[in-house]
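Read the structure below first, then the notes.
The values are calculated or read from the model by the stated rules, or taken from the named source; none is laboratory data. Just so you know, these numbers come straight off a predicted model, no measurement behind them. Ideal geometry is used to build each Cβ from the backbone, glycine not excepted, and the neighbour counts take in all protein chains shown. Note: accessible area is taken over every heavy atom of the protein model, side chains too, but ligands, DNA and RNA are not part of it. Shrake-Rupley method; radii C 1.70, N 1.55, O 1.52, S 1.80 Å.
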Amino acid sequence: MNVDDKIDVLSDVLSAIRLTGAVFYDVSARAPWVAEAPPTERFGSLVMPGAQHTIEYHVVTRGSCWISIVDRGAFEPVELREGDIAVMPQGDPHALSSRPGMRAEPEWSLHRRPPDESMLPFVLKAGSDGPVETHIVCGFFSCDARPFNPLLAALPRFMRLGRSAGTPESRLDQFIRLATSEAENRRPGSQSILNKLSELMFLEVVRQHMDELGTERTGWLAGLRDPLVGRALALLHGEPARAWTLEDLASAAGASRSALAERFTQLVGCPPIQYLTQWRMQIAARRLAEGGVKVAAVAQEIGYDSEAAFSRAFKKYVGQSPSDWRAAAG
């Protein structure tokens, strides 16, 4: 594969982990106010049925507020200003409030997807009867966490992005403007538009986060940005069924075996061929969950010569046989 025509690795992963977005809340708040969200592992299946993992996000479209993780002391309260986007990739419990340090009991009744999508987003009002000070659009992303999600493992517990004063309008600003318009007007099809906008927003948040990583950082995103490791990842994702050896991969990436193995392991956290095995299992898991495809066909798609060899590898890595995984996913 020509490196100049390499596969978009980030898009490939987002497709394989089945990222789906949804806007749930259109919040108008008047100080003093506070809203607390429990860990998404406790209610994620209610808002995004069938999801393995749920990520919550908040977009401040007017005014300002404070956000803090409410357990394990991850960070001091952070102020969110108009135009800021906050994302909780690992599903941590957190509080939004008009001033730092406020707490409240989570409202569990709100964390359930309605049978009729036209009921979304929920319009919520919080706080006193004074003038509206803060407006927030909130929602969720769902994705597969198993058997292998390199992106999720590379994201921090908390991400905050916003536009610096005096800078041109960014894609995030465009998302906020469009999301505000759709949430306020509630025209036919608004919920579908909001859901797709949120997915685009997440991609832009990840890209900005990757761009801002320091040179000393490690992890899958750091590897994706690294010239050598990025080429190797593109080659593996471009031809996952190929019988890659470290020597073949290093030659195609333009490096020695030792240089590639050391750099790849340092940044990504595992050797290249081990990464390939993990990625093959994710592809297989997605295909099995889709149904209607034979295990032998899946094995062939990801480079296994026999169904038996693939089944052994899948069960060793995933902990379930391919047929059991497919039954559970259905």
### Query
Among the listed residues 250, 255, which satisfies the condition of being in contact with a Ser or Thr (Cβ under 8 Å, 6 or more places away or on another chain) and open to solvent by less than 40 Å² (accessible area, probe 1.4 Å)?
250
### Query
For the stretch 282-296, how many residues are in a helix (DSSP H, G or I), among the charged types (D, E, K, R) and without any contact (Cβ under 8 Å) to a residue 60 or more places away in the chain?
2
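Conditions (1) at pLDDT 95 or above; (2) of a type outside the set (D, E, K, R); (3) farther than 30 Å from residue 325 by Cα, marked per residue:
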position: 236; (1), (2), (3): yes, yes, no
position: 239; (1), (2), (3): yes, no, no
position: 248; (1), (2), (3): yes, no, yes
position: 251; (1), (2), (3): yes, yes, yes
position: 255; (1), (2), (3): yes, yes, yes
position: 258; (1), (2), (3): yes, yes, yes
position: 265; (1), (2), (3): yes, yes, no
position: 270; (1), (2), (3): yes, yes, no
position: 283; (1), (2), (3): yes, yes, no
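Yes or no, residue by residue, for (1) at positive phi; (2) more than 19 Å from the chain's Cα centre (by Cα); (3) open to solvent by 20 Å² or more (accessible area, probe 1.4 Å); (4) aliphatic (A, V, I, L, M):
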| site | (1), (2), (3), (4) |
| --- | --- |
| 126 | no, yes, yes, yes |
| 171 | no, no, yes, no |
| 177 | no, yes, yes, no |
| 227 | no, yes, yes, no |
### Query
open to solvent by 30 Å² or more (accessible area, probe 1.4 Å), at positive phi and either at pLDDT 85 or above or out of contact with any Phe, Trp or Tyr (no Cβ under 7 Å at 6 or more places or on another chain) (or both), is that true of residue 72?
yes
### Hits in the stretch 304-330 (condition: over 27 Å from the mean Cα position of the chain (by Cα), surrounded by 13 or more Cβ atoms within 10 Å (Cβ to Cβ) and not in a helix (DSSP H, G or I))
304
### Query
Can you name the condition, by its number, that residue 45 falls short on among (1) assigned to a strand (DSSP E or B); (2) surrounded by fewer than 22 Cβ atoms within 10 Å (Cβ to Cβ)?
(1)
### Query
Exactly one of (1) in contact (Cβ under 8 Å) with a residue 24 or more places away in the chain; (2) not in a loop (DSSP other than H, G, I, E, B) is unmet by residue 248. Its number?
(1)
### Query
All but one of (1) within 26 Å of residue 143 (Cβ to Cβ); (2) at pLDDT 95 or above hold for residue 292; which doesn't?
(2)
### Query
Of the residues that make up the stretch 19-30, is at least one part of a strand (DSSP E or B), open to solvent by 10 Å² or more (accessible area, probe 1.4 Å), hydrophobic (A, V, I, L, M, F, W, C) and out of contact with any Gly (no Cβ under 7 Å at 6 or more places or on another chain)?
yes
### Query
If you scan the stretch 51-61, which residues turn out to be open to solvent by 10 Å² or more (accessible area, probe 1.4 Å) and either under 17 Å from residue 139 (Cβ atoms) or part of a helix (DSSP H, G or I) (or both)?
51, 53, 61
### Task
Would you check if residue 285 is under 17 Å from residue 143 (Cα atoms) and open to solvent by less than 50 Å² (accessible area, probe 1.4 Å)?
yes
### Message
Looking at (1) over 30 Å from residue 303 (Cα atoms); (2) of a type in the set (A, V, I, L, M, F, W, C); (3) part of a helix (DSSP H, G or I), which one does residue 229 not meet, given that it meets all the others?
### Response
(1)
### Summary
Filtering the stretch 1-27 down to residues that are modelled with pLDDT of 80 or more and of a type in the set (Lys, Arg) yields 18
### Message
Can you find a residue that is among the hydrophobic types (A, V, I, L, M, F, W, C), assigned to a loop (DSSP other than H, G, I, E, B) and closer than 28 Å to residue 42 by Cβ anywhere in the stretch 167-183?
### Response
no
#### Entry: Extreme residue, surrounded by the fewest Cβ atoms within 10 Å (Cβ to Cβ), among residues of the stretch 191-224 that are under 17 Å from residue 267 (Cα atoms), in contact with a helix residue (DSSP H, G or I) (Cβ under 6 Å, 6 or more places away or on another chain) and not hydroxyl-bearing (Ser, Thr, Tyr)
213
#### Entry: Number of the exception - residue 78 against (1) out of contact with any Lys or Arg (no Cβ under 8 Å at 6 or more places or on another chain); (2) modelled with pLDDT of 90 or more
(1)
### Test result for residue 299, within 22 Å of residue 9 (Cβ to Cβ) and open to solvent by less than 30 Å² (accessible area, probe 1.4 Å)
no
